[in-house]
1. Could you check residue 37 against (1) closer than 21 Å to residue 224 by Cα; (2) in a loop (DSSP other than H, G, I, E, B); (3) touching a strand residue (DSSP E or B) at 6+ places or on another chain (Cβ under 9 Å) and say which number it fails?
2. Only one of these conditions is not met by residue 165: (1) surrounded by 24 or more Cβ atoms within 10 Å (Cβ to Cβ); (2) under 19 Å from residue 38 (Cβ atoms); (3) more than 18 Å from the chain's Cα centre (by Cα). Which number is it?
3. Being in a loop (DSSP other than H, G, I, E, B) and either free of Cβ contacts under 8 Å to residues at least 40 places away in the same chain or within 21 Å of residue 96 (Cα to Cα) (or both) is the filter here, so list the residues in region 259-287 that pass it.
4. Can you find a residue in region 64-79 that is farther than 22 Å from residue 181 by Cα and touching a strand residue (DSSP E or B) at 6+ places or on another chain (Cβ under 8 Å)?
5. From the residues in region 70-87 that are over 24 Å from residue 3 (Cα atoms) and at pLDDT 95 or above, which one is farthest from the chain's Cα centre (by Cα)?
6. Inside region 132-152, can you point out the residues that are farther than 16 Å from residue 55 by Cα, crowded, with 22+ Cβ neighbours inside 10 Å and in contact with a helix residue (DSSP H, G or I) (Cβ under 7 Å, 6 or more places away or on another chain)?
7. From the list 280, 232, exactly one residue is under 11 Å from residue 190 (Cβ atoms), surrounded by 23 or more Cβ atoms within 10 Å (Cβ to Cβ) and touching a helix residue (DSSP H, G or I) at 6+ places or on another chain (Cβ under 7 Å). Which is it?
8. In contact (Cβ under 8 Å) with a residue 24 or more places away in the chain and surrounded by fewer than 21 Cβ atoms within 10 Å (Cβ to Cβ): which single residue out of 60, 22, 52, 29 fits that description?
């Protein structure tokens, strides 16, 4: 297939062309790397968030919004559909690159990960990218630095001036939008963790509410996870049966039933200390080609209302 980073670069160019209309920032660092500010110093918006989510999947997913209710309140929801979920969601969209350089920290997602291809997913997907540009979306409280871009360039084996870094805070509209776009990715990744071959996932579709933009990163971290674990719904078409489909949704987790503000507080706000099974969508429907269809889990609007602070 075509290079994930080449396809993402086209979307980065689109963001540069329409930066003013999208209310995003764009500038070059001293080493020539390009930073796209989707939600750190710039406000961004729904359209900016949708473009960022599309960029994170290297353009292999259709991402759009629709309006639905959450506990009687009107909320935008993000819907994502993808026919190459293994490569698009695990190989690109997944946030799997923890970048820490000097005084900068960010969580990286997007196709630059496939240029490094050290994560276990790439072995199962039998995929590694090769391209002269690298596109890595960074979720963090600050804009990325030249040192951070140098590290990306070094690991991705590209020149620093060929690095594009879309950046956003969790507590931004882009942060809420891109989080909501991860419902399907969570389901596919959960299957992968359980031992299912990601290449046997034929298609994936997901929808989740856009969490209210929080005033701080911890609240945003809690709300965006509430949106997925208690409001996210996913449909998967898969090629093979599996005896652990019921472990995909968040309802299978021991921590299920508490707002993520409490879940993370109990773990001192260290997500790595929280059980992996809690990071699943609320409800999952699995259609096995030529076989059965399973409906698992359920949404929980009361917990959403509590986590979203709906009055």
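The values are calculated or read from the model by the stated rules, or taken from the named source; none is laboratory data. Worth saying up front: this structure is predicted, and the values here are computed from it rather than measured. Note that each Cβ is placed from the backbone with ideal geometry, even for glycine, and that neighbours are counted across all protein chains shown.
1. So the condition that residue 37 fails would be (2).
2. Against the list (1) surrounded by 24 or more Cβ atoms within 10 Å (Cβ to Cβ); (2) under 19 Å from residue 38 (Cβ atoms); (3) more than 18 Å from the chain's Cα centre (by Cα), residue 165 comes up short only on (3).
3. Taking region 259-287 first, the residues in a loop (DSSP other than H, G, I, E, B) are 259, 267-270, 274-275, 279-282.
Result: 267, 268, 269, 270, 274, 275, 279, 280, 281.
4. no
5. Taking region 70-87 first, the residues over 24 Å from residue 3 (Cα atoms) are 70-79.
From the residues that got through so far, the ones that are at pLDDT 95 or above too are 70, 73-79.
On the way: 70: 21, 73: 25, 74: 23, 75: 19, 76: 17, 77: 15, 78: 12, 79: 13 Å.
By that ranking, first place goes to 73.
6. 149, 152, listed by residue number.
7. On the way: 232 fails: under 11 Å from residue 190 (Cβ atoms).
Selected residue: 280, the only one of 280, 232 that is under 11 Å from residue 190 (Cβ atoms), surrounded by 23 or more Cβ atoms within 10 Å (Cβ to Cβ) and touching a helix residue (DSSP H, G or I) at 6+ places or on another chain (Cβ under 7 Å).
8. On the way: 60 fails: surrounded by fewer than 21 Cβ atoms within 10 Å (Cβ to Cβ); 22 fails: surrounded by fewer than 21 Cβ atoms within 10 Å (Cβ to Cβ); 52 fails: surrounded by fewer than 21 Cβ atoms within 10 Å (Cβ to Cβ).
The match here is 29.
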